[in-house]
Every structure is written in structure tokens, then in C-alpha cells.
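Quick notes on the structure that follows.
The values are calculated or read from the model by the stated rules, or taken from the named source; none is laboratory data. None of these values were measured; they are calculated from a predicted model. When we count neighbours, we look across all protein chains shown, and the Cβ atoms used for this are built from the backbone with ideal geometry, even at glycine.
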């Protein structure tokens, strides 16, 4: 048998075993009294290497496997999980799940687990065999190349460099009483460099990274060079005179504000509970006509792409904003049944150890025209937000964001980095004031987004 054929056969065998295990757990829960039951099985391997100045300081391989059981009895829900896949432990988890369901309080708004009424899409590029087979030596070489690229940019300076890589692949399976029975294999790799530079009394750090499902896309030299250049760019920060002015969001800053700060607001669960600043806005024009956002779980090789969600429901592409109008919310089976609308397949879990909630898959701002330099060149006086760690208040939408990495723009040019500088704006205003959207899309941990410009926000500095 050829190597590739052997590998495919082994993967199929593991998938079948996970599905059989999940199916037996569901049947056991039903025999113990559950009217509906669901089993979510996960099995994964992650390899992590961290280095400092070309010296490997940590190398770790992690294996994880477990199963979570959700049982339903007369609208009462019980959940239990175990971190092994042994028959004895799985049986114990099923028993605990059913006992918890019998003892819990009914949820009057629970309708049903999802059923097998829809066909599954074909989603390409979510597993790369090369990542699963990546040798420790090749991983270490990748880090060294990244660090060497940073060193070349920082030559002659006082610096330290941290870098790391994590590769991960796994299988998961979901089975329930209503016919859901799906399994899938996924992988990704994450590479970063974070230099620290000291110059006179000034010391600063920055970073850059790449995360992808395709090993061939990883570019250690680009990550290393970019991280070093970004670190040098934030040396010598100054304050400015504040006021109302335009703000340019680079992809990383945009992903924080939109990928977390807006994506969380379009969760149907948050809207139903009145915890979203767009609770009453479905169908309204809430953003600039320049803004279009989709959540696309079918994107080829997308970081959040998948054939089915964490409840086994088929994935889809969901329009969120079209020409500024709020067209869609993100649902799992619970929220979709509650609103009597179509499930969008956005159930998510941290792992087999948690109950389903809601999250994005690939949250994407549609690109338009121009790169970051083009957007900056059009600003007479304003600031650039490369990154921020802050999020809006999800109920009111108020955002007060410290510029973790920010720059002052004057007459179309970046003049200097900023320190102690905040931008203040309500998210509803931010969405309405977007005047330009670039084409320089970047995949971050939260979304895929280009740079964009808002007409004005309150900037305080000092």
C-alpha cells in the first residue's frame, strides 16, 4: 500500500472509531431516559516550540482526547465530559449527564437539538497533511529562520527576540439522537516573532505573525523582518494635541474592534438577552454603505472554515452587513429555534469540555481599494491604530481604546509613534463613519479584514 493511501485509510479508521464511540454514548443516554442526547468527541495533537535569541527554550507536544455528553429530558439539560476515551469513563460521563438532566430545572425556551434535515457542503483546504507530519527539526528550523530575519533588521542595536510556532491537527465527531453523525479533520500552524529593542531610555516591543491552514504559505523571513521593522517603528513615541480627527485602522486594530467588538454584538444569544448594542437594529442601516461583512464558514482554507458547526449542523455563508444594512445574526440551534428562524450553523465550543455557544467562523470585511499607505496618504491630520487591546462595552457600544501601537498622521504621512493616546467613540457611530475600506486584507486570530478609515473620533493624548 502506498504511503498516502495508508495514511488516508488510517484517518478513515480513526473517524469511524470516534463516530462509533459517539453513537454508543448517545444510545446509552437514551436507554437511561434521555429524550434527546448528543455526543461531541475531540482528539488532537499540538506541537509547540518557543525560542529566545536562537536558543530553544521550550518544546512541548500535547495530546488531548475526550468526550462531552449533552442529555435532554423534558426540556431539562444535563452535561458531563471526560478527558479520556476509555469505555468505562465514557459510560460514567453518560450516566452523570443523564442524572444532571433529571435534577435540573426545565428551560422553557429549549425546543430541540438540531436534526439531520440538510445536506453537508464540501469545504476545501481545512486539513494539510504536511502540518500533521511536520517534524520537530523542521519546526525548529522555521523558528531560527524567523529569528535570523529579525536579527538582520536589528543588527547593531540592543535587542532580544522571542519567537514561537504552534502546529496543531485533530479530529472531531458529533452525533445526536436526531440523525446528526459527522466527523472532520482540521489543522493549522501559527508562527510569530516578537523583538524587544532598547535605545537610550526608550524600550519597546512589537510583533508580527502568520496563521494558516496551509504549511506552504508560511514565510518565516517575512514574519521576522516585519516584526523587527514594526518594533523599530514604535521607538520614540510622543503625545499630540487631541481633538476630533480621522482614525485609520490597520488590519490588526480593525480585527480587534470589528472581529471581537462587533462580531460579539451580532450573536443572536447576546441580542436575545438584550446585551448587544444592536439589539433593536435588525434590518436597519447601521453602518456606512462602504461596509460589507459576511461570516463564511465555506471559505477555502479559511481558519474558521468547517463542514459543520459544534452541534453537527451544516455550515454556510451568512451575510451580516450589506451596503450598511444589518441583514443577519449568528445563530446556533437554541437561538434559531427561539426566534423561529434558520440556524446559521455558528454553534461553537472551546472543546469537548463545554456546551455550545455562538461564535463566528470566518468573519470577513469585503475588501475595496488601496493599501494602508494609500489610506494614510489621504489624511490631513489624524491617527493610525495598528493595534489595541480594548473592546467596547457590548451593551452600550461605547469604546475607549488605548492605542497599543499608534501613529500620528500629518499631511498624508506618518510623523511619529504615539504614547498615552486613546480614541473614544460609540460603535454605532464608528460603523456609520467608515469612509474608506482598503484591499490589504490580512488573516488575524479574529477575522479577515483590510484597513479602513473612520471620518472622526475623539482622540485624547498625554
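Among the conditions (1) surrounded by 15 or more Cβ atoms within 10 Å (Cβ to Cβ); (2) part of a loop (DSSP other than H, G, I, E, B), the only one that residue 93 does not satisfy is (2). Looking only at the stretch 303-317, count how many residues are over 21 Å from residue 38 (Cα atoms), in a loop (DSSP other than H, G, I, E, B) and without any contact (Cβ under 8 Å) to a residue 60 or more places away in the chain. Residues in the stretch 303-317 being over 21 Å from residue 38 (Cα atoms), in a loop (DSSP other than H, G, I, E, B) and without any contact (Cβ under 8 Å) to a residue 60 or more places away in the chain: 1 in total. When every residue of the stretch 134-153 is checked against the conditions, none turns out to be surrounded by 15 or more Cβ atoms within 10 Å (Cβ to Cβ) and in a strand (DSSP E or B).
On the basis of being assigned by TED's automatic domain parsing to the domain that holds residue 20, free of Cβ contacts under 8 Å to residues at least 60 places away in the same chain and either over 27 Å from the mean Cα position of the chain (by Cα) or farther than 19 Å from residue 352 by Cα (or both), does residue 86 make the cut? I'd like the intermediate steps shown before the answer.
Working: assigned by TED's automatic domain parsing to the domain that holds residue 20: yes; free of Cβ contacts under 8 Å to residues at least 60 places away in the same chain: yes; either over 27 Å from the mean Cα position of the chain (by Cα) or farther than 19 Å from residue 352 by Cα (or both): yes.
Yes; evaluated as a whole, the condition is true for this residue.
Based on what the data block shows, is residue 105 in contact with a strand residue (DSSP E or B) (Cβ under 9 Å, 6 or more places away or on another chain) and surrounded by 13 or more Cβ atoms within 10 Å (Cβ to Cβ)? Spell out how you get there, then give the answer.
On the way: in contact with a strand residue (DSSP E or B) (Cβ under 9 Å, 6 or more places away or on another chain): yes; surrounded by 13 or more Cβ atoms within 10 Å (Cβ to Cβ): no.
So residue 105 fails the test.
For the residues 22, 34, 39, 52, the requirement of being assigned by TED's automatic domain parsing to the domain that holds residue 184, farther than 18 Å from residue 351 by Cα and crowded, with 20+ Cβ neighbours inside 10 Å singles out 34. Quick one: would you say residue 46 is surrounded by fewer than 20 Cβ atoms within 10 Å (Cβ to Cβ) and assigned to a strand (DSSP E or B)? Yes, satisfied.
Scan the stretch 96-116 residue by residue and report those that are part of a loop (DSSP other than H, G, I, E, B) and free of Cβ contacts under 8 Å to residues at least 40 places away in the same chain. Scanning the stretch 96-116 gives 104, 105, 106, 107, 108.
Selection of the stretch 174-204 for residues being outside any strand (DSSP E or B) and in contact (Cβ under 8 Å) with a residue 40 or more places away in the chain yields 177, 178, 179, 180. For the stretch 291-306, the condition of being over 29 Å from residue 172 (Cβ atoms) and surrounded by 20 or more Cβ atoms within 10 Å (Cβ to Cβ) holds for at least one residue. Looking across the stretch 205-221, the residues that are more than 20 Å from the chain's Cα centre (by Cα) and buried (at least 20 other Cβ atoms within 10 Å of the Cβ) come down to 206, 220. Being at pLDDT 95 or above and either farther than 17 Å from residue 196 by Cα or not assigned by TED's automatic domain parsing to the domain that holds residue 215 (or both), is that true of even one residue in the stretch 144-162? Yes, there is a match, as at least one residue in the stretch 144-162 is at pLDDT 95 or above and either farther than 17 Å from residue 196 by Cα or not assigned by TED's automatic domain parsing to the domain that holds residue 215 (or both). Given the criteria on the phi < 0 side of the Ramachandran plot, touching a strand residue (DSSP E or B) at 6+ places or on another chain (Cβ under 9 Å) and free of Cβ contacts under 8 Å to residues at least 12 places away in the same chain, does residue 219 qualify? So residue 219 passes the test.
The set of residues in the stretch 318-367 being in a loop (DSSP other than H, G, I, E, B), out of contact with any strand residue (DSSP E or B) (no Cβ under 8 Å at 6 or more places or on another chain) and within 30 Å of residue 66 (Cα to Cα) consists of 343, 350.
Filtering the stretch 49-83 to residues that are more than 25 Å from the chain's Cα centre (by Cα) and part of a loop (DSSP other than H, G, I, E, B) leaves 53, 54, 74, 75.
Based on what the data block shows, is residue 79 touching a helix residue (DSSP H, G or I) at 6+ places or on another chain (Cβ under 7 Å) and either crowded, with 18+ Cβ neighbours inside 10 Å or more than 30 Å from residue 25 (Cα to Cα) (or both)? Spelling it out, residue 79 is indeed touching a helix residue (DSSP H, G or I) at 6+ places or on another chain (Cβ under 7 Å) and either crowded, with 18+ Cβ neighbours inside 10 Å or more than 30 Å from residue 25 (Cα to Cα) (or both).
Only one of 252, 171 is in contact with a strand residue (DSSP E or B) (Cβ under 9 Å, 6 or more places away or on another chain) and under 21 Å from residue 409 (Cα atoms); which?
Details: 171 fails: under 21 Å from residue 409 (Cα atoms).
The match here is 252.
Taking residue 291 as the residue in question, decide whether it is over 27 Å from residue 42 (Cα atoms) and assigned to a loop (DSSP other than H, G, I, E, B). When the stated conditions are applied, residue 291 passes them.
In contact (Cβ under 8 Å) with a residue 60 or more places away in the chain and either in contact with a helix residue (DSSP H, G or I) (Cβ under 8 Å, 6 or more places away or on another chain) or over 22 Å from residue 113 (Cβ atoms) (or both): is that true of residue 381 in this structure? Please lay out each step first, then the result.
Working: in contact (Cβ under 8 Å) with a residue 60 or more places away in the chain: yes; either in contact with a helix residue (DSSP H, G or I) (Cβ under 8 Å, 6 or more places away or on another chain) or over 22 Å from residue 113 (Cβ atoms) (or both): yes.
Considered against the rule, which asks whether it is in contact (Cβ under 8 Å) with a residue 60 or more places away in the chain and either in contact with a helix residue (DSSP H, G or I) (Cβ under 8 Å, 6 or more places away or on another chain) or over 22 Å from residue 113 (Cβ atoms) (or both), residue 381 comes out as yes.
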